Amino acid sequence: MTRLPLAPFWTACALALLLSQAPASAQHVTAPAPTGRVQTNAPLPGQQGESVPVQADSDRARAVLEANRTAAEYQHAAREAADAGGMPQLDFANPLTIAQVIWLFVIFGLLVFLAAHYLLPPVAEVLETRRNRIAADLDAARDARAGAEAAEAGQRDSTARARAEAQASIAAAAAAAQADAAKRGEALAERLNAQITEAETRIGAARDAAMGALREAAADAAGALVQRLAGIDDKAAVDAAVARELAARNMGAA
Amino acid sequence: MAAEGKTIDALSQFELVPVLGPIGRAVGFSQSNAHMLLAVGLITLLFVYGMRHRAIIPGRLQSAAEMLYEFVEGVVVGQVGHEGRRYFPFVFALFMFVLFGNMLGLLPYAFTYTSHIAVTFGLAILVFLVTTVVALALHGRKFFGYFFPEGAPLWLAPIIIPVEVVSYISRPVSLSIRLFANMVAGHVMLKVFATFIVLIGSLGAVGIFGAALPLAVNVALIGFEILVAFLQAYVFAILTSIYLHDAVHLH
């Protein structure tokens, strides 16, 4: 997974290019030994004159030391290596090749130090703050939802309670109305009963009176008849006979 | 530098030259090191300037910095586990250093320090030393059991142990050559096709049209090189994390 599939192809390309330069290098008789230190007395081809300035005698020693590390030296060594068909990367005669590794460790060490102490902690802090903030906001949202749910439940509760109360009061009102109606009906019935009883009493009295009158009239009529027919005037016997006759017809008792 | 006397010179771009005048010459400070310093400066700038607001809602640079942070963190924690957090700055520095080295090298006139085997091998040796020291510090002498898996038949030891040792020691070699070869190959190809543009383009009116082809190839190559620059930095970081995993957990 890690290796680029084209890398071997590229490496082959690079090698082919290196090989294609080989004939050019073959024209040189010999490549100078890669010593890394070029003798200042030995003339550098075509570069000696411009890169080693003429120095005063007193500076001679320092100039020699200095000249050992002139740009010309590096360029010359690099050119030699390139002419020899080598890659500059493999030119370990050039002191810069190793020197850059020393500097690499210094500079990379600096980067690790900076990263560990100055570059990464702020990022970690920001990410942590953001995570906390999001968590807190989510908590707040959850709380708000719980509150809303509680409020909704309370509302539902109070609605149910109100409905129950309303129904209770409706039922109470209905019961009161019913009781009232029953009471009134009862009173009405009582009054009617009383009136009926009174009327019956009155009817009874009227009938009694009427019956009394009938008996007298019947006795009078019977007495008159008996006197006219038989000439007997026995009022008591007639009364008794009438009473007996009425009782027999179940009228005299009333 | 590209075409000197009608020849293709694809390798002189890798030559080391001292910079900073006589002081640089005295301490062997080459343009390679100058680019390393530039990379470190840019990384520092990205993180210091990008993170200056420390905003809850990040801006562009802060997003970039956070994305890089979380990407490398994911690599380290994903491979090593939470014990690996201690090594996160090291892997992060490696990833950024290689990534910026590769990316900076794609700019015209820039130098690619990751195209030097000495540099990549230096980094790989650093990884090798760090992982070995971590393994020794965490496991002491038990670390050497890494070279002989538990439960293997004893008579296989003369075969297994040398194989394991060689594979362990060849880690920095493969790690460094992979990055080096990728970078060199890419830059050589770029330089070769760039030379073609100049050579064909110098042929007059026909040549101008003919040069369009290598130009198109180079445009495609640059896109590909950006991919490779990122991929190789990722590979370097993830292999380091895998080695650290082995060091922390021993298999």
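Worth a mention:
- None of B:Phe180, B:Phe196 is among the aromatic types (Phe, Trp, Tyr), more than 16 Å from B:Gly101 (Cα to Cα) and touching a residue at least 12 places away in the same chain (Cβ under 8 Å) except B:Phe196.
- Which numbered condition B:Ala65 misses (of (1) in contact with a Phe, Trp or Tyr (Cβ under 9 Å, 6 or more places away or on another chain); (2) within 27 Å of B:Ile117 (Cα to Cα); (3) assigned to a helix (DSSP H, G or I); (4) at the interface with another protein chain (Cβ under 9 Å from one of its Cβ atoms)): (2)
- Of the residues contained in region B:45-60, none is found to be within 23 Å of the chain's Cα centre (by Cα), facing chain A (nearest Cβ under 7 Å) and part of a loop (DSSP other than H, G, I, E, B).
- Unique match (being small (Gly, Ala, Ser), facing chain A (nearest Cβ under 10 Å) and more than 19 Å from B:Val235 (Cβ to Cβ)) among B:Ala93, B:Ala135, B:Ala118: B:Ala118
- Remark: pairs (first residue in region B:8-31, more than 7 Å from chain A (Cβ to nearest Cβ); second residue of a type outside the set (Lys, Arg) and in a helix (DSSP H, G or I); Cβ separation under 6 Å; 6+ apart in sequence or on different chains) = B:Ile8/B:Val192; B:Ile8/B:Thr195; B:Val19/B:Gln31; B:Val19/B:Ala34.
- When A:Gln167, A:Gln100 are checked against the criterion of being surrounded by 10 or more Cβ atoms within 10 Å (Cβ to Cβ) and either among the aliphatic types (A, V, I, L, M) or in contact with a helix residue (DSSP H, G or I) (Cβ under 8 Å, 6 or more places away or on another chain) (or both), a single residue qualifies: A:Gln100.
- Residue that is farthest from B:Lys191 (Cα to Cα), among those in region B:12-42 that are assigned to a helix (DSSP H, G or I) and hydroxyl-bearing (Ser, Thr, Tyr): B:Ser32
- Looking only at residues of region B:32-44 that are within 7 Å of chain A (Cβ to nearest Cβ) and not polar (S, T, N, Q), we find that the one that is nearest to B:Thr112 (Cα to Cα) is B:Met36.
- For region A:119-135, a tally of residues being facing another protein chain (nearest Cβ under 7 Å), surrounded by 13 or more Cβ atoms within 10 Å (Cβ to Cβ) and of a type outside the set (Val, Ile, Thr) returns 5.
- Check on A:Glu200, acidic (Asp, Glu), surrounded by 10 or more Cβ atoms within 10 Å (Cβ to Cβ) and either at pLDDT 95 or above or within 30 Å of B:Glu70 (Cβ to Cβ) (or both): no
- Flag for A:Ala219 being part of a helix (DSSP H, G or I), free of Cβ contacts under 8 Å to residues at least 12 places away in the same chain and either surrounded by 10 or more Cβ atoms within 10 Å (Cβ to Cβ) or not β-branched (Val, Ile, Thr) (or both): no
- Residues satisfying the stated conditions in region B:172-217, i.e. buried (at least 20 other Cβ atoms within 10 Å of the Cβ) and more than 20 Å from A:Met87 (Cβ to Cβ): B:Phe196, B:Ile197, B:Pro214
- Region B:92-116, residues that are surrounded by fewer than 22 Cβ atoms within 10 Å (Cβ to Cβ) and touching a residue at least 40 places away in the same chain (Cβ under 8 Å): B:Met103, B:Leu104, B:Leu106, B:Ala110
Residues are listed down the side, and each one gets a yes or a no for (1) modelled with pLDDT of 90 or more; (2) more than 11 Å from chain A (Cβ to nearest Cβ); (3) under 30 Å from B:Phe14 (Cβ atoms):
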position	(1), (2), (3)
B:Gly105	yes, yes, yes
B:Ser170	yes, yes, yes
B:Phe180	yes, no, yes
B:Ile200	no, yes, yes
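The values are calculated or read from the model by the stated rules, or taken from the named source; none is laboratory data. This is a predicted model, so every value here is computed, not measured. Ideal geometry is used to build each Cβ from the backbone, glycine not excepted, and the neighbour counts take in all protein chains shown.
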